[in-house]
Structures are given as C-alpha cells and as structure tokens.
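The values are calculated or read from the model by the stated rules, or taken from the named source; none is laboratory data. Computed from a predicted structure; not experimentally measured. No Cβ is skipped: glycine too gets one built from the backbone with ideal geometry, and neighbour counts run over all protein chains shown. What goes into the accessible areas is simple: the full protein's heavy atoms, side chains included, and nothing from ligands, DNA or RNA. Shrake-Rupley method; radii C 1.70, N 1.55, O 1.52, S 1.80 Å.
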Amino acid sequence: MTTATVSRWDRFRESFFWYSFKRDKVAIVSFAVLLLMVLAAVFAPLLAPADPYDLAQINIMNSELPPVGMSGADPAFPLGTDAQGRDLLSTILYGTRVSLMIGFGAVVLQAFLGILFGLLAGYLGGKVDAVLMRIADVQLSFSTLMVAIIVGAVFKASFGNLMFGEIAIYMLIFIIGVAEWPQIARTVRASVLAEKKKEYVDAAKVMGFGTRRIMFRHILPNTLSPIFVIATVQIANAIISEAALSFLGLGMPETQPSLGSLIKSGFDYIQSGSWWITLIPGLVLVVLVLVINLLGDWLRDVMNPRLYKG
Amino acid sequence: MLAFLVQRISQAFLVMFVISMIAFAIQDGLGDPLQEMVGMSVSEEEREAIREELGLNDPMVVQYLRFAGNALQGDLGNSYFYSKPTLEVIAEHLPATLELVIGASLIIVFLSVPIGVYAAIRPQAWLSKFFMGVSTVGISIPVFLTAIVLIQLFSIGVTVNWFPSDTGWGQWLNDFFSTEGGLPSYGRGDELTHLFGTWESGFFTGTGLMHLVLPSVSLASIMLPLFIRLIRAEMMEVLQSDYVRYARAKGLSAGRINFLHALKNTMLPVITVGGVQIGIMVAYTILTETVFQWPGVGLMFLEAITRSDIPLIVAYLMVVGLIFVITNTLVDLIYGLVNPTVKLTGKKA
C-alpha cells in the first residue's frame with residue numbers, strides 16, 4: 001500500500017539476489033518444483049481425492065491397484081492404491097505435508113538451539129566455548145543419524161508403541177532438532193568469531209550496551225546469511241532423517257504416514273510385484289530433497305559465506 | 001605433541017564415561033530386571049527382598065559404580081531374548097556387519113579415487129560433469145531407497161514393454177531396458193566359511209559373495225558421492241600449489257605429476273576424513289541391514305528395540321560408542337602427527 005513496500009519491492013528487484021536467481025535456470029526450476037510441492041502439501045485436504053485418515057473411505061477390495069497406464073488400473077486411483085486400499089495420491093499428498101512439517105519444525109528447533117549456543121560459545125569464549133563445542137564435536141563424530149536413532153529408540157522403548165505413535169510428530173521434531181543442532185551452532189560460532197572483532201561491536205561496547213543486547217541485536221543480524229544457507233540444507237537433511245527413522249519404525253505410524261513410513265509400508269509388498277507403493281513415495285522424497293539441496297547450493301554461491309563448509 | 005596426545009586420550013575417556021552414564025541411565029530408567037526374573041505370583045515382600053539382594057535399592061552412585069565395574073570386566077548383563085551374555089550376542093553378529101563395511105569400503109576406494117582424480121584433472125570434460133551431477137543427486141537419495149531400487153532392478157527384475165515388440169529393434173530396446181534380476185536380497189546365504197571364533201565369512205563362497213553384492217553397493221552409495229567430491233576438491237587444491245607448478249615447469253610428464261606428486265598429498269586428508277566417515281557408516285549399516293535382513297549388529301539392535309531387550313540395547317550403545325571413540329581418537333592422533341597445522345573441521349553426517 002504505502003511507498004515503503006513499493007520501494008522495498010523495487011530494492012528486491014534490483015538486488016544481486018534477484019539478478020542471480022533470474023539467470024540460474026537450475027535455481028528457477030528447483031524453486032518452482034519446491035513451491036509446487038509445498039503448495040500441494042499445504043492444500044492437501046482440498047486437493048486429495050480421498051482422506052487417508054478416514055477409515056470409512058477405505059475399501060480393502062481396492063488394495064494394491066496399479067497406477068493408471070498399467071493393466072488392472074482403476075481411473076479413480078491415478079497413482080494406484082496401497083496394501084490397505086488407500087489412494088496413493090492422497091496418502092502421498094498428506095505424507096509430504098507431514099514430512100515437510102517435521103522438516104521445518106526440526107530446523108526451527110535446531111536453529112533456535114544452534115543460534116543460542118553458537119552465539120554464547122562464539123561471543124563469550126573461554127570455558128563456555130570449550131564445553132559447548134566439545135559437546136558439538138562429540139555429537140557430530142557420532143553422526144547425527146546415529147544420535148537420532150538412539151534417542152528415538154529410547155523414547156519408543158519408554159513411551160510404548162501406542163503412545164509414541166500419537167505424539168510421533170512432536171517426538172520426531174524434538175529428536176531431529178536435538179540431534180542436528182551442532183551443525184548450525186558451528187556455523188554461527190565461526191561467523192560470530194569473525195564479527196566480534198569488528199568496530200561496530202567495539203562501538204556498541206563503548207556505548208555501554210549489555211552483552212545480551214550486543215549478542216542478539218548487533219551480532220546476530222550480521223550472521224544471518226550463513227545461517228540461512230545452512231538452514232536450507234538442514235531442512236533437506238531433516239526430511240531424510242525423518243524418512244530414515246520412519247523407515248526403521250521409529251517414526252510416524254502407518255495410520256498417519258509420512259513419506260518415510262509410506263516407503264516402509266510399501267517395502268513389505270515389493271516382492272509381490274507392487275513396486276508403486278514404495279517407489280512412487282520414494283521418488284517424491286528424492287525430488288523434494290534434491291530441489292532443496294540444489295536451492296541450498298545456489299544460495300551458498302550467491303551469499304558466499306566463506307565459513308560455510310558442507 | 002605430548003600435550004595433544006594426553007588431551008585427546010583423556011577426552012576419549014571422558015566421552016566413554018559420558019556414554020556409560022547415558023547407558024546406565026537407560027538401563028536404570030527403562031529396564032525392571034524383576035519383571036523379567038519373577039512371575040506374577042511373587043508377593044510384594046519377596047520382590048522387595050530380591051530388590052535388596054540385587055542391590056536395586058542402593059544409592060545411584062553405588063549402582064553406577066557396580067555397572068561400570070562390571071562393564072570394565074566385560075560383563076554387560078544378559079540379553080532377555082537370547083538368554084546369553086549380551087557381549088556374546090554382539091560378537092556373533094559383528095562379523096556380518098564388518099564384512100558389509102569391508103565390502104562397501106572396497107567399492108568406495110576403487111570407485112571414488114579414479115573418478116575424483118579424473119574430475120579434478122579434467123573439470124570441464126562432460127564425463128566429469130556427469131559424475132558430479134550424479135553425485136549431487138546421489139547425496140539426495142536416502143540409503144534405504146537406493147537399496148529398494150537395487151532390489152527392484154537386480155533381485156526382482158524389471159520387464160519393459162514400452163516399445164512394439166513385433167519389430168526387431170523394438171524388442172531389442174525392450175530387452176535393453178529390462179533387467180534380469182535374480183541377485184539375492186535376503187540374508188547372507190547358507191554357505192558360510194567358518195574362520196575362527198564366531199567369525200563366519202561369506203567372502204569365500206560364490207553364494208556368500210552374491211549375497212554381499214546388493215547390501216555393499218547400497219551402503220557404498222551413501223558415502224561414494226561424499227568421497228568423490230572430497231577427492232576432487234582436495235586434488236584441485238593440490239594442483240594449484242607451487243610445487244605442482246614447479247614440476248610442470250621442470251617438464252615432468254602429466255601422468256607423473258598427477259599420480260605421483262599430486263595424488264600423494266591429496267590422499268592424506270582423504271584418508272583421515274575417510275577414517276571418520278567409516279565410523280559413521282555404522283549408523284547406515286542399521287538401515288542397510290534392515291532392508292536386506294542382513295544378520296549383523298544393526299539389525300540385531302533394531303530387533304532389540306522392538307523386543308524391548310534393554311540389556312542388549314545398552315550393550316550395543318557401549319560397544320558402538322567404544323568403536324566410535326577409538327576410531328575418532330586414532331584418526332585425530334594420526335592427523336595431528338602427520339599435519340600439526342590443520343584442524344579437523346566440517347565433518348558431514
């Protein structure tokens with residue numbers, strides 16, 4: 001409405017960011033595909049032909065129907081059905097929604113932890129830095145997937161199957177967020193170390209601002225671009241981790257499937273020739289992760305944070 | 001150097017201490033040994049007496065010290081399901097996992113070095129671009145999905161009839177895109193050679209090797225892109241360095257420069273980072289073994305979770321923790337020894 005928004009839009013249109021986006025075909029295609037998938041996932045309840053959570057709509061007689069184009073297909077189920085007779089297109093739409101929700105949620109949690117601990121370690125230094133980074137090192141050397149599997153196993157054993165199934169979404173966000181925070185903390189710490197030597201920090205100190213204010217209001221905004229890059233890649237990692245946990249049976253239950261648990265439930269039927277139940281959700285998962293990774297690569301090139309390391 | 005040595009080793013002990021605390025907390029919080037030992041009919045007084053006798057009413061510190069003391073003597077309790085000492089169960093399953101890791105490592109070494117070096121020497125060649133593109137896509141494919149696709153293609157087989165089969169070339173195209181299948185995708189086969197102790201090897205029989213193919217290729221697929229990228233990046237950096245330029249100026253042959261002078265300095269960081277990655281591969285063995293029902297420690301761990309076999313879960317944690325700590329410490333020490341100026345950073349999960 002106001003001139004401020006117009007000028008901001010103009011500024012965006014003249015930025016290097018937009019310029020390099022327009023010239024990179026891979027980035028445009030990736031972004032378009034990602035946008036399409038996110039929209040499809042968000043509007044899944046409107047788009048999906050059937051509600052996979054609604055048991056009344058499922059008919060077991062329709063189980064294991066192949067996708068359209070193969071003999072024996074039913075046009076009512078464009079991508080075929082799974083072993084319980086659920087429409088595969090609908091379950092994939094809902095599954096993408098669950099996977100994206102967990103991916104975003106886990107990254108928000110790890111960004112919160114990573115930024116907090118990274119800022120503290122980088123700015124305060126000394127013992128705080130030593131302890132926090134040691135924990136991060138050890139956790140990373142165990143690989144985030146291993147940490148996630150172990151935490152998931154312990155949770156599952158202590159909550160029991162039913163209880164775990166009900167709160168699985170929150171559990172997975174928690175598990176993946178906690179398992180992967182060191183990735184972001186390291187990046188944040190590295191850029192804080194570079195920033196804190198700059199003059200504006202000295203100026204803020206001279207003006208008598210408190211440590212907390214300098215950390216969050218002055219240094220943090222200047223470290224945002226590497227955080228942005230690594231957070232993008234981390235969404236892809238979180239989605240893969242979620243799929244892996246669900247595939248191992250430590251994630252979403254079959255009644256409320258994510259892409260990972262769809263692949264798992266389909267895998268039991270692959271020997272009987274019903275490849276589509278497992279491979280179509282698998283393809284969706286790979287495309288989703290691939291476009292996010294490609295966008296992350298492009299972002300890294302554009303923002304060029306020297307401190308980022310894959 | 002000595003300070004570095006002491007620091008790393010004491011850190012290893014500290015980490016092992018923390019792992020043992022976590023393991024103890026899991027055992028204490030989840031497992032009620034009484035439930036497994038006595039039936040429903042035992043009265044509350046008798047239960048209390050057994051608790052007292054087992055030392056379950058002792059203070060936490062005393063219980064932890066007992067747990068740690070037993071662990072140091074190689075006693076991590078008995079598995080509920082196997083009714084055997086947990087370490088014995090793990091020792092039975094470990095060879096299968098080790099052979100899987102060895103198979104995957106061989107594939108990684110023999111593929112990543114030539115591809116990475118080629119991509120570094122000829123960065124503009126279409127084959128290099130093809131390999132780099134494939135490895136970007138490869139990083140986005142989870143290991144269990146690779147495994148499932150491999151099973152579909154090479155175990156079950158795919159018959160294609162996209163082209164009209166009445167013409168000769170149509171039939172040829174159909175055959176070209178179809179796969180035979182037939183490779184085993186389940187377990188290790190029944191012809192294993194007994195080596196020593198609990199080690200039964202699949203390396204010496206035809207069926208044993210056939211059973212190894214798909215699982216090792218799947219496990220290798222997750223690490224291969226990382227190694228190709230790493231070797232390419234390191235090699236390109238080395239090729240820019242002064243001594244390589246000097247060797248070129250001196251008129252040495254390209255082959256000699258690339259493979260004798262440059263490759264040596266490329267492999268140094270690759271080997272040390274590789275050591276860490278092979279430790280991380282243990283996590284991926286859980287996924288691979290689940291898909292292929294490979295009777296290794298990963299599958300055993302997952303089964304222990306579904307059976308709530310707490311002592312086995314705890315023992316697995318301790319053993320895997322020990323393996324990780326030992327490999328990481330060794331890698332750090334070797335790295336510090338060979339190249340004291342460089343810090344190990346940016347390990348990817």
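Can you name the residue in the range A:291-309 that is at the interface with chain B (Cβ under 9 Å from one of its Cβ atoms) and open to solvent by 40 Å² or more (accessible area, probe 1.4 Å) and, of all such residues, is modelled with the highest pLDDT? My answer is A:294. For the range A:250-271, the set of residues classified as open to solvent by 10 Å² or more (accessible area, probe 1.4 Å) and under 24 Å from residue B:184 (Cα atoms) consists of A:264, A:265, A:267, A:268, A:269, A:271, listed by residue number. Out of the residues in the range B:112-161 meeting the condition of being open to solvent by 30 Å² or more (accessible area, probe 1.4 Å), assigned to a loop (DSSP other than H, G, I, E, B) and under 30 Å from residue B:253 (Cβ atoms), tell me which one is nearest to the other protein chains (Cβ to nearest Cβ). Per the criteria, the residue is B:123. Scanning the range A:272-282 for residues that are in contact with a Gly (Cβ under 9 Å, 6 or more places away or on another chain) and in a loop (DSSP other than H, G, I, E, B), we see that the one that is most open to solvent (accessible area, probe 1.4 Å) is A:275. Within the range B:167-179, the set of residues being in contact with a helix residue (DSSP H, G or I) (Cβ under 9 Å, 6 or more places away or on another chain) and either of a type in the set (Phe, Trp, Tyr) or modelled with pLDDT under 70 (or both) is empty. When you scan the range A:196-209, how many residues do you find that are surrounded by 11 or more Cβ atoms within 10 Å (Cβ to Cβ) and not in a helix (DSSP H, G or I)? Here the count works out to 3. Pull up the range A:143-171, narrow it to residues that are open to solvent by 10 Å² or more (accessible area, probe 1.4 Å) and outside any helix (DSSP H, G or I), then point me to the one that is farthest from the other protein chains (Cβ to nearest Cβ). Checking each candidate, the answer is A:167.
Total residues in the range B:190-249 satisfying the condition of being hydrophobic (A, V, I, L, M, F, W, C) and touching a strand residue (DSSP E or B) at 6+ places or on another chain (Cβ under 6 Å): the figure is 3.
Here the condition is being part of a helix (DSSP H, G or I), closer than 17 Å to residue B:289 by Cα, out of contact with any Gly (no Cβ under 8 Å at 6 or more places or on another chain) and open to solvent by 60 Å² or more (accessible area, probe 1.4 Å); of B:92, B:88, it holds for B:92 alone.
Quick one: is residue A:93 in a helix (DSSP H, G or I), more than 14 Å from chain B (Cβ to nearest Cβ) and open to solvent by 20 Å² or more (accessible area, probe 1.4 Å)? Considered against the rule, which asks whether it is in a helix (DSSP H, G or I), more than 14 Å from chain B (Cβ to nearest Cβ) and open to solvent by 20 Å² or more (accessible area, probe 1.4 Å), residue A:93 comes out as yes.
Across the range A:49-70, the qualifying residues are those that are more than 18 Å from residue A:285 (Cβ to Cβ) and touching a Leu at 6+ places or on another chain (Cβ under 8 Å), and the one among them that is modelled with the lowest pLDDT is A:68. Considering the range B:6-35, the residues that are modelled with pLDDT under 70 and away from chain A (no Cβ under 14 Å) include one that is nearest to residue B:308 (Cα to Cα), namely B:33. Across the range B:312-333, the number of residues qualifying as in contact with a Leu (Cβ under 9 Å, 6 or more places away or on another chain) and either modelled with pLDDT under 85 or closer than 17 Å to residue B:7 by Cα (or both) comes to 3. Among the residues making up the range B:334-349, those that are farther than 23 Å from residue A:237 by Cα and either open to solvent by 30 Å² or more (accessible area, probe 1.4 Å) or at pLDDT 85 or above (or both) are B:334, B:337, B:338, B:339, B:340, B:341, B:342, B:343.
For the structure I just gave you, tell me whether residue B:304 is at negative phi, at the interface with chain A (Cβ under 9 Å from one of its Cβ atoms) and open to solvent by less than 10 Å² (accessible area, probe 1.4 Å). Spell out the reasoning first.
Details: at negative phi: yes; at the interface with chain A (Cβ under 9 Å from one of its Cβ atoms): yes; open to solvent by less than 10 Å² (accessible area, probe 1.4 Å): yes.
Answer is yes for this residue.
The combined condition, being more than 10 Å from chain A (Cβ to nearest Cβ), assigned to a helix (DSSP H, G or I), open to solvent by less than 30 Å² (accessible area, probe 1.4 Å) and not hydrophobic (A, V, I, L, M, F, W, C), is fulfilled by residue B:105.
Does residue B:260 fit the bill of being part of a loop (DSSP other than H, G, I, E, B), free of Cβ contacts under 8 Å to residues at least 24 places away in the same chain and open to solvent by 40 Å² or more (accessible area, probe 1.4 Å)? No, not satisfied. If you filter the range B:223-257 down to residues that are over 37 Å from the mean Cα position of the chain (by Cα) and not in a helix (DSSP H, G or I), you find that the one that is surrounded by the fewest Cβ atoms within 10 Å (Cβ to Cβ) is B:251.
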